[in-house]
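Notes follow the structure.
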Amino acid sequence: MDHTSAAFLFLALAMAILFSIVAAAISFALACWDGATIPAAFARSGVTFAASLTLCLAALSSIGR
């Protein structure tokens, strides 16, 4: 499979989103375990989701070059 094909790009994007969701869930669980309130834990997991998705997409964009 060529790394510029649409199927590969959709698969890589799906894996990046899945990785980001797992990282956010772990961050939420750790925040709750630390004693944070639910809104604070959601905020921490949102930041983690955004940061990990940004890093994954930056790595994926460098593959195409």
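Name the residue, out of L53, L60, that is surrounded by fewer than 16 Cβ atoms within 10 Å (Cβ to Cβ), of a type outside the set (D, E, K, R) and free of Cβ contacts under 8 Å to residues at least 60 places away in the same chain.
Residue meeting the stated conditions: L60.
Being surrounded by fewer than 11 Cβ atoms within 10 Å (Cβ to Cβ), in a helix (DSSP H, G or I) and of a type in the set (V, I, T) is the filter here; which residues of segment 35-50 pass it?
I38
Residues of segment 1-34 being small (G, A, S) and either closer than 23 Å to S62 by Cβ or surrounded by 14 or more Cβ atoms within 10 Å (Cβ to Cβ) (or both), which ones?
Residues satisfying the conditions are S5, A6, A7, A12, A14, A16, S20, A23, A24, S27, A31.
Just checking, does segment 12-22 include any residue being of a type outside the set (A, V, I, L, M) and either more than 11 Å from the chain's Cα centre (by Cα) or not in a helix (DSSP H, G or I) (or both)?
no
Applying the selection to segment 16-37, what residues are touching a residue at least 24 places away in the same chain (Cβ under 8 Å) and of a type in the set (F, W, Y)?
Within segment 16-37, just F19 meets the criteria.
Computed from the coordinates by the stated procedures, all read-outs in this text should not be read as laboratory data. Everything numeric in this text was worked out from a predicted model, so none of it was measured. Cβ atoms come from the backbone with ideal geometry, glycine included; neighbour counts cover every protein chain shown.
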